[in-house]
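The values are calculated or read from the model by the stated rules, or taken from the named source; none is laboratory data. Note that the structure is predicted; figures quoted are calculated from it, not measured. In this analysis, Cβ positions are derived from the backbone assuming ideal geometry, glycine residues included, and neighbour counts consider all displayed protein chains.
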Amino acid sequence: MDSRSSQRTYLDLTTPHVADACMRLGIPIRVAPSELRGLWSPIHIAGRAFPVRHYGSVDVFLEAVNSALPGDVLLVDNGARMDESCVGDLVALEVAKAGLSGIVIWGLHRDTRELTTIRLPIFSLGALPAGPQRIDIQEPCAFESARCGDHSITQEDFLLGDEDGIIFIPLDRAAEVAELASSIRDTERIQATRMQMGTSLREQCKFTEFQDARRVNPTLTFRQHLRTVGGAIEE
C-alpha cells in the first residue's frame, strides 16, 4: 500500500479503530507517548513514515524531502529535547509543497502562528521560540530509523495520527488493519445509532446472556462474548 492510497483508505478511520484492529489481529500496539499532540483539532495524518534524525540544521530535512515520496509523513527524531525547537514554518512549508502528508516531531516546534496558517498536519511535544545552537555531525543512518518514545520507526512502518494520538503499524499489514478497522468502525456506528433510537448497549451486547453464561463458565470473558454476538466496544 503506497502513501497516497493509504491516505484514502485511512481517511475515515481513527486511531482507536486501528488500535482495536491491531489487538484483534495480534499485532503489537505501538503508540506514541500521550504528550505528543497535534497542533490543532480536528487533525488527521496518515502515511508511510519517513524517519529523519535532527543534528541542529535544517539541511537534513531538505535532504529527507528530496528522498521522501508524496504522501509520506516526516518523522523527526530530536531525542525529545526540551531545550530547542527543530521545525518551523519554512520546513513545514517545504514539506507541504513537496506533497508530504505532515510532520511528527519527537521534539519541539516553533512559529506556531505561521504553522497554523500553513495548516500542514503537525504533531510535536510543544513549542519553544529558540532554535538549535548546535551543529552535530550527521550520521550515515540519519534516514534509516527514528525514535518516537519507546519505538524505533523505519520506512517499513505506517502511521496514523488524530486527536487521540499516534499509532504505528507495519506497512505490509496496513491494508489488512484498515479492512478490519473499517468493519469495527461501521459496527460501532450502528451500535451508536441504535442507542440513540432507544436500544441500550446492554441489550445490543446481550449482557444478561453474558452474565448467565459466566455463571456457568467463570473463565468466559466479555471480549469472547462480544465476538459471538458481533459487538464492538473493547476491540
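Observations
- Close Cβ contacts (under 6 Å, 6 or more residues apart or on different chains) running from residues in the range 138-158 that are without any contact (Cβ under 8 Å) to a residue 60 or more places away in the chain to residues that are of a type outside the set (S, T, N, Q) comprise E156/L171.
- Residue check: I169 meets all listed conditions (1) surrounded by 11 or more Cβ atoms within 10 Å (Cβ to Cβ); (2) in a loop (DSSP other than H, G, I, E, B); (3) touching a Phe, Trp or Tyr at 6+ places or on another chain (Cβ under 8 Å) but one, namely (2).
- Residues considered: R8, R48, R37, R24. Of these, the only one that is more than 19 Å from A142 (Cα to Cα) and in contact with a Phe, Trp or Tyr (Cβ under 8 Å, 6 or more places away or on another chain) is R37.
- Residue under evaluation I103, criteria (1) within 19 Å of V60 (Cβ to Cβ); (2) over 14 Å from the mean Cα position of the chain (by Cα), criterion not met: (2)
- Selected residue [closer than 28 Å to G47 by Cα and not in a loop (DSSP other than H, G, I, E, B)] from R194, R189, R214: R189
- Considering residues of the range 176-212 that are surrounded by fewer than 16 Cβ atoms within 10 Å (Cβ to Cβ) and hydrophobic (A, V, I, L, M, F, W, C) only, the residue farthest from the chain's Cα centre (by Cα): M197
- Out of I103, I118, sole residue that is of a type in the set (A, V, I, L, M) and either within 24 Å of C141 (Cβ to Cβ) or without any contact (Cβ under 8 Å) to a residue 12 or more places away in the chain (or both): I103
- Matching entry among G26, G38 (being more than 22 Å from R134 (Cβ to Cβ), free of Cβ contacts under 8 Å to residues at least 24 places away in the same chain and small (G, A, S)): G26
- Verdict on A80 being touching a Ser or Thr at 6+ places or on another chain (Cβ under 9 Å), small (G, A, S) and in contact (Cβ under 8 Å) with a residue 40 or more places away in the chain: no
- Considering residues of the range 26-83 that are among the β-branched types (V, I, T) and within 19 Å of the chain's Cα centre (by Cα) only, the residue nearest to W106 (Cα to Cα): V76
- Residues of the range 1-32 classified as modelled with pLDDT of 95 or more, outside any loop (DSSP other than H, G, I, E, B) and farther than 15 Å from S182 by Cβ, total: 2
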